[in-house]
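All remarks here apply to the structure that follows.
The values are calculated or read from the model by the stated rules, or taken from the named source; none is laboratory data. Since we're looking at a predicted model, the values are computed, not measured. Neighbour counts run over all protein chains shown; Cβ positions are idealised from the backbone, glycine included.
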Amino acid sequence: MSYKIAFSDIDGTLLNADREPSPALKKEVKRLAASNIPFILISSRMPQAMTWIQDDLGITGLPLVCYNGGLVIVDGEVVHSQEIPIIFLATIRKINEKLGLSVQLFHGEEWYVEEMDHYARREENNTRVKPQMRGNRETALDWADRPVSAHKIMVMGDPAGIDEMVARLEKITDGDYLHLYRSKDDYLEIASKEISKLTGISKVLEHKYPDLTLADCVAFGDNYNDIEMLEGVGLGVAVANARAEVLEVANITAGAAKEDGVALALKEFMK
């Protein structure tokens, strides 16, 4: 089949060992652009942490699917926004009083941390975005007045503490309201249950490419939050370093992220 649009996760999937697009990837994305085949970034990242990658790839201005589908931007405008119910900000803060985990709050282009700890510094280095320092209670009060809420909450720290946070939230929500993504043993990403990367793709097609369907799409990923996306598109591609559960559902496996897996797959399957 001739695929007409590509979507790619970023972390663990797209970037090389230096955490940037490789020359081989830039070449393939440029080739796609010459054939009017869009290459869309889809990530749990905030917009500012994605636009510099777009610029580097020469695809500035194309749609962005941010926060695992919680925020979709087309032609510079927000076409879809799904936030976490604000009551859960207080719930997470209460649970964390005894756990002492690093809880970071994201809304649109806003990123708040309570201190520049190891996790905040690591995220700043990885994403090339600098967070703002503010207490989570103050952020929650500010957002309630506006009113907005978090597109994403990141909880980082001791794996046993993360285990406890997940168990408490699952008990409180009974599996409703929240997506809990364990991207690493010490990383928990929280988003609204209403969204996924697949819903984000559907919004991009609806608002920008109405003549295309999910069957026309290729998608690349490596982690749990990519599973629904890879299962739902025409060709789901897992990079070789993906989790076993992701490799199992993918149609094909490409090379590892740090070995130009996405670039090589684009060259082979999007001719």
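Here are a few things to note about the model shown:
- The strands (runs of 3 or more DSSP E) found wholly in region 1-101 and carrying at least 2 residues that are over 20 Å from Val237 (Cα atoms) and modelled with pLDDT of 95 or more occupy 71-74, 77-81.
- Selection status of Ile190, in a helix (DSSP H, G or I) and not acidic (Asp, Glu): no
- Residue match in region 112-122 (condition: within 17 Å of Ser44 (Cβ to Cβ), outside the structural domain of Val204 (by TED's automatic domain parsing), surrounded by 16 or more Cβ atoms within 10 Å (Cβ to Cβ) and acidic (Asp, Glu)): no
- The residue that is farthest from Asn225 (Cα to Cα), among those in region 165-197 that are of a type in the set (A, V, I, L, M, F, W, C) and out of contact with any Lys or Arg (no Cβ under 8 Å at 6 or more places or on another chain), is Ile172.
- Among the residues making up region 130-145, those that are surrounded by fewer than 18 Cβ atoms within 10 Å (Cβ to Cβ) and touching a residue at least 12 places away in the same chain (Cβ under 8 Å) are Gln132, Met133, Arg134, Gly135, Arg137, Ala144.
- Among all positions in region 199-210, there is at least one residue which is in a loop (DSSP other than H, G, I, E, B) and not small (Gly, Ala, Ser).
- Scanning region 112-167 for residues that are of a type in the set (Lys, Arg) and over 20 Å from Arg19 (Cβ atoms) yields Arg134, Arg137, Arg146.
- Every residue from region 53-86 that is in contact with an Asp or Glu (Cβ under 9 Å, 6 or more places away or on another chain), touching a residue at least 40 places away in the same chain (Cβ under 8 Å) and either closer than 26 Å to Pro23 by Cα or among the polar types (S, T, N, Q) (or both): Ile53, Pro63, Asn68, Gln82
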